[in-house]
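Here is the structure we will look at.
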Amino acid sequence: FLDIDMPFMNGLELAERIHDLSPDTSIVFTTAFNQYALDAYNIPALGYLLKPIRKEGILKLLDQLDRYQSHGAKKESGKVKIRTFGNFEVLVDDKPVAFKRDRSREVLAYIVDRMGTGATRPEIAATLWEDAPYDRTHQSTLNVYIVDLKKSLREAGAEDILLSLGGRFLIDVDKVDCDIYRYLDGDPALSGKFVGEYMNEYSW
């Protein structure tokens, strides 16, 4: 449970940092000011409670948490499939993951391309916007893409493939079945499958 108006760091920024370190942690925002509601819902959160907080509101949120966790447990199923030969595609239960923003999908593609070494926010921004300066506008826009990416993965039951460690975003290679990773590891099943077409839609 996080307040929003706090000294040194507001609750929205703290929630983003918590989510980077522990994606499974459920967050509830509590505040006396309803003007923060829209910003709060742009960050993955279980809910938003206005003060004075009532017992009924807390119980309702806890019930939502129980149902969310039960639903998530049902969706878990082996490794997520990532395809890079030709175009980039992510599949869960053999169904493509739906990304609300093409740029969010591109962020994930770039992180996959780093093959477990990860990428910092400035590195991702330099790929998306090439020579443009990494100013506050691009920082804010990139944050929207990252939040949207995490939400898309979470809704597909694949949130745990994306890690954030030491300021770098990276793929948990042990939780994905990725054709390029297997090919480079010498998997005989992929011998001759790669014909030079790799994430065709991205110039980088």
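Here are the numbers for the structure shown:
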{"item": "14 Å reach of a label modelled at Glu201, 7 Å along Cα-to-Cβ, counting backbone N of the stretch 92-117", "result": "96-110"}
{"item": "Cα shape, the stretch 50-204, gyration tensor, a/c 1.5 rule", "result": "oblate"}
{"item": "Choice from Ser140, Ser104, Ser191 with maximal GNM fluctuation in the chain (Cα, 10 Å cutoff)", "result": "Ser191"}
{"item": "Largest to smallest accessible area among Asp94, Asp185, Asp179, Asp113 [probe 1.4 Å]", "result": "Asp185, Asp94, Asp113, Asp179"}
{"item": "Longest site-free stretch - the chain; sites: GluC sites (Glu not before Pro), DSSP loop, at most 15 other Cβ within 10 Å", "result": "1-75"}
{"item": "Largest-first ordering by accessible area, 1.4 Å probe, given options Phe29, Phe194, Phe99", "result": "Phe194, Phe99, Phe29"}
{"item": "Accessible surface of Tyr48 - all protein chains present, 1.4 Å probe, nearest 10 Å²", "result": "40"}
{"item": "Carbon plus sulfur fraction of accessible area for the chain, probe 1.4 Å, in percent", "result": "52"}
{"item": "Accessible area (Å², per residue) of the chain, counting only protein heavy atoms and a probe of 1.4 Å", "result": "58"}
{"item": "Solvent-accessible ranking of His19, His138, largest area first, probe 1.4 Å", "result": "His138, His19"}
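The values are calculated or read from the model by the stated rules, or taken from the named source; none is laboratory data. Every value quoted in this text rests on a predicted model; they were computed, and no experiment measured them. Heads up, the Cβs are rebuilt from the backbone with ideal geometry, glycines too, and the neighbour counts pull from every protein chain shown. The area values use the complete protein model at the heavy-atom level, side chains included, leaving out ligands, DNA and RNA. Shrake-Rupley method; radii C 1.70, N 1.55, O 1.52, S 1.80 Å.
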